[in-house]
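A.B. asks: There's a structure below that I have some questions on.
Only the coordinates and a few stated rules stand behind these numbers; no lab work does. Predicted, not measured: the structure shown is a model, and the values here were computed from it. Cβ placement follows ideal geometry from the backbone for every residue including glycine, while neighbour counts extend to all protein chains displayed.
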Amino acid sequence: MNTISCLVQAEGVAAQHQSELEQALRTNHATQLDGAEVDISWRLVESGLMFTAGAPSSSSVIACILNGPTTLTQRETYMRSICDFWTDITGCTDHEIVVSISEISDLPTSHESVNS
Amino acid sequence: MPFYHAIVRPEVLAPADREALSNDLTSVHCDVTGAPRTFVHVLYTVDDANRLPDNIDVLYRANIRSGRTTEQKAELTTRLQTATAKRTTANPSSIAIHIEETEASFVMEGGSLLPEPGSPEEEAWKALDA
């Protein structure tokens, strides 16, 4: 199962649109990855705990863990889509969104391990 | 990115000093790497549950772009420890820094993929703060 962890400011605009953003994340994921489902978690950061450029932050950090390997084009398209709907829904700028992808590989089955 | 996640014991850093420390950390990162300040994020988690090892007062999980030299990472570590010791009551030896590296093409920020360190695209990116 792929996962997406969203870190947003508790008092920010993204937190106010959490349901809408989560639905958009699911739709985007399914559209780009052949209907795949995704687990999504949220961390709402209280005021005074996150800073960007040394000042109170308004940023959202969306960390995606996907089955790899992915191509550069796939990653760019996937992350670009998130940036696009995130700005549309929240009204924030591109500079207030960080999207990252980490890849996981399917673990070998016990059968494969024995024969390798 | 970079993203510095600082896990701190509640007694070593006053809430009022978090912003100043984050500003210091940002300055250190930008001095060492040349990255624009607007890309440096610092998140604090206060260790109310006392989960840090006994000999650690501040633990940084520093997620930076891969491609930095060994010397740059060593300088980052030393200067981050010094900056943290000045703003907290933690002894430098109790400040741990774990650097995690992520390839630039796996991160989008400011509407673009991050540039590879040392690439021609990075020069334009560094000028974003200018």
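A.B. asks: Considering the stretch B:80-130 alone, what residues qualify as being closer than 19 Å to A:Arg75 by Cα and part of a helix (DSSP H, G or I)?
C.D. replies: B:Ala104, B:Ser105, B:Phe106, B:Glu121, listed by residue number.
A.B. asks: Right, here's the next one. Which one of A:Asp34, A:Asp84, A:Asp88, A:Asp94 is of a type in the set (Asp, Glu), under 29 Å from B:Tyr60 (Cα atoms) and over 10 Å from the mean Cα position of the chain (by Cα)?
C.D. replies: Working: A:Asp34 fails: under 29 Å from B:Tyr60 (Cα atoms); A:Asp84 fails: under 29 Å from B:Tyr60 (Cα atoms); A:Asp88 fails: under 29 Å from B:Tyr60 (Cα atoms).
Only one candidate qualifies: A:Asp94.
A.B. asks: Under 6 Å between Cβ atoms, at least 6 apart or on separate chains: pull out the pairs that start in the stretch A:22-41 with a residue that is in contact (Cβ under 8 Å) with a residue 24 or more places away in the chain and end on any residue that is among the hydroxyl-bearing types (Ser, Thr, Tyr) and surrounded by fewer than 18 Cβ atoms within 10 Å (Cβ to Cβ).
C.D. replies: Matching pairs, first to second residue: A:Asp39/A:Thr3; A:Ser41/A:Ser5.
A.B. asks: Looking only at the stretch A:1-32, count every residue that is in contact with a Ser or Thr (Cβ under 6 Å, 6 or more places away or on another chain), in a helix (DSSP H, G or I) and polar (S, T, N, Q) and tell me the total.
C.D. replies: Selection size over the stretch A:1-32: 1.
A.B. asks: Which ones in the stretch B:1-32 are part of a loop (DSSP other than H, G, I, E, B) and at the interface with another protein chain (Cβ under 9 Å from one of its Cβ atoms)? Talk me through it step by step, then tell me what you get.
C.D. replies: Going residue by residue through the stretch B:1-32, those that are part of a loop (DSSP other than H, G, I, E, B) are B:1-2, B:9-14.
The answer is B:Met1, and nothing else.
A.B. asks: Considering only residues that are within 14 Å of another protein chain (Cβ to nearest Cβ) and within 22 Å of B:Asp129 (Cβ to Cβ), which ones fall in the stretch B:34-48?
C.D. replies: Within the stretch B:34-48, B:Ala35, B:Pro36, B:Arg37, B:Thr38, B:Phe39, B:Val40, B:His41, B:Val42, B:Leu43 qualify.
A.B. asks: Let me ask something additional. Contact list please: Cβ distance under 8 Å, first residue in the stretch B:93-112 and within 7 Å of chain A (Cβ to nearest Cβ), second residue part of a loop (DSSP other than H, G, I, E, B) and surrounded by 18 or more Cβ atoms within 10 Å (Cβ to Cβ), pairs at least six apart or on different chains.
C.D. replies: B:Thr102/B:Met1; B:Ser105/B:Leu114; B:Val107/B:Met1; B:Val107/B:Leu114; B:Met108/B:Leu114; B:Glu109/B:Met1
A.B. asks: Name every residue in the stretch A:41-77 that is among the hydroxyl-bearing types (Ser, Thr, Tyr) and within 9 Å of chain B (Cβ to nearest Cβ), in order of residue number.
C.D. replies: The answer is A:Thr52, A:Ser57, A:Ser59, A:Thr70.
A.B. asks: Report yes if B:Arg51 is part of a loop (DSSP other than H, G, I, E, B), surrounded by 17 or more Cβ atoms within 10 Å (Cβ to Cβ), more than 8 Å from chain A (Cβ to nearest Cβ) and among the charged types (D, E, K, R), otherwise no. Before the answer, list the steps.
C.D. replies: Working: part of a loop (DSSP other than H, G, I, E, B): yes; surrounded by 17 or more Cβ atoms within 10 Å (Cβ to Cβ): no; more than 8 Å from chain A (Cβ to nearest Cβ): yes; among the charged types (D, E, K, R): yes.
Criteria not met by B:Arg51.
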